[in-house]
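Just below is one structure, and these are the notes that go with it.
Values quoted throughout were computed directly from the atomic coordinates according to the rules given, and no laboratory measurement underlies them. None of the values given here were measured: they were computed from a predicted structure. Cβ placement follows ideal geometry from the backbone for every residue including glycine, while neighbour counts extend to all protein chains displayed.
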Amino acid sequence: MESLLDLYGFLSVVLHAAELVARTAVLGGTVFWLGLALPLAPWLPPGDAAQLRRIGQRAVAWAAAAGIGTALASSGLAVLALGATLDAPLADLLGADFVRAAATAIAAMAVLLAIALAGPEPGRWQRIGLLLAAVALLLGATAGSHAVARTEGQAVLLAATALHQVGAALWIGGLPALLAGFRLSPGSARMVGQRYSAFAAGGVGLILLGIAGYWGGYIGGTEALYGTAYGAMSATKGVMFALLLLLGASNWLLLHRYTASPRGLLRVRRFVEAEIAIGIAVLAVAGSLTSVPPAADLPDDRVTWAEITERFTPAWPRLESPSHGDLAIPRLQAQLDAEWQAKQAAQRPQAFTPGEGLLPPRNAQDIAWSEYNHHWSGIMVLLVALAALLDATGRVPLARHWPLVFLGLAAFILVRSDPEAWPLGEIGLLDSLRDPEVVQHKLAGLLVVGFAVAEWWVRLGRLTGWPRFVFPSAMVAGGVLLLAHTHAISNVKEALLVELSHLPLAVLAVVGGCARFAELRGPAEIARWARWTWPLCLLLIGLLLILYREA
């Protein structure tokens, strides 16, 4: 059970992010089916009308099934963690407020799933049931938000949360169904796209209203955007929101101002695919925000602008590694283990909070070790980016083997990322996997191996079909996982300074992955600029890693 508590913080955030994605897709799919597909179907050719109804039905069914699964997993994990820290009967645990909110959401999604499975053209009462279930799902989700715990301005924050979620559903949640709708005939696809753009515009307005409510209740000032973890994550959401607006505006122009030729619709499809990927990243940030208190609750101990300027002033990279024996963690690990065992024997924890544990001991050599790792990783990523740019010119045949450089990076990550654990440290591999940070590092190393080999085969022409998307998928997934993380409660300022250097890496990874997707899928006019965009994202990632500092 201790292993569960060690990993609970990371798993809870990942599961909550997945639940947010599924719930947003459920609400968006319901709006698409009720508000777009069914009313628009009579105006389309019979074949397109029937297919559009089925698209709405399947969007709700698949999203509701995924939402039920993720909600059960998320709430079940929370109950297990609560049971691991409290000697309370299961009946008392199941009576917790978060369990009731989850039960409401699960019941609502079960109703939506049942109605969707009944057929693509619901009757009058079924439509009313869809609407009521969607409202119940929204209420259940709102009841599990930060706003419920507020003592001041609760009504405004609850309203802002509901508006935010409805807006996200109208815009982001229906995008998978919209993408499927572009498979209709060009005329029908254009009508679907134009109608959906009105929903998306309304969603943008509701999101902005929600942001206005959040600003006063959760953030409280400009300095909180860079001085607290909540503010920094919210600012990152703002950056990605701006990218979504840019893509949405491009789609609106293509659908309303320009001739919707099949080639123009193909461009819209590529932009919608990018919107979906970035939208998932935004929801991952929202899931991560649940593990940190609002900025308004942390008026003290904030990171100042002077501290940020000092930390991020460029310095020459550290290219020489300190001795492993000089690190604080190996020398003190035995002592820490003994103290931990004594503490566990003395008393059970009264409550468990993700991130509440003490940070491991660190000295100057530990900082040098970490900076050395980041700087050499940055150099390797920079080499990859430069080789990819050479490959984009088509004039250097040898440059097509650039993915092999990633294998060196993978080996570097697996060996040096965690000096206290196997293979360098005394902690065995299985025992080290209780630490979420170690798990993420090992997964990152294996992920790098996988997409390096896959992309190399793509460059050699040996890999076709969906496997050729392994590399861009890995970039997007890596960025999303970097955004969906827990936040340390101890040593908040130092943790935030590290986080401020990692947030741009995550955004660049998501954007780079979307660009590589666009290059592979075309059309040619998008592939031309995408071919240069994702290597430039890698270039910036490499430079940020080279400039990384911890002191």
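Rg to Rh ratio, the range 2-297, alpha-carbon atoms and Kirkwood radius? Checking Rg against Rh, the ratio lands at 0.99. In order along the range 18-23, the phi-based Karplus estimate (6.51 cos²θ - 1.76 cosθ + 1.60, θ = phi - 60°) of 3J(HN,Hα) comes to 4, 5, 4, 4, 5, 5 Hz; Gly and Pro are listed as x.
Rounded to the nearest 0.05, what FRET efficiency do L319 and H401 give with R0 = 22 Å and r taken as the Cβ-Cβ distance? Could you check? Once rounded, the FRET efficiency stands at 0.30.
Pairwise Cα distances in the range 444-551 exceed 26 Å in 25 percent of cases.
Counted residue by residue at 0.36 nm each, then reduced by the alpha carbon distance between them, the extension gain from E307 to V498 reaches 67.6 nm.
Fully extended, how many nm does the chain gain between A524 and L253 (0.36 nm per residue separation, minus their Cα-Cα distance)?
Here the segment from A524 to L253 would lengthen by 95.6 nm.
Between L424 and A118, the modelled labels are 6.1 nm apart [label points 7 Å from Cα along Cα→Cβ].
Per q in 0.12, 0.18, 0.20, 0.21 1/Å, what log10 I(q)/I(0) does a Debye calculation on the alpha-carbon atoms of the range 153-285 return? So the normalised log intensities are -0.50, -0.94, -1.09, -1.17.
Sorting 101-110, 38-47 by average packing, meaning the other beta carbons within 10 Å per residue, from highest down gives 101-110, 38-47.
Applying the Karplus relation 6.51 cos²θ - 1.76 cosθ + 1.60 with θ = phi - 60° to the range 401-411 yields 3J(HN,Hα) values of 8, 4, x, 5, 5, 5, 5, x, 5, 4, 4 Hz, where x marks Gly and Pro.
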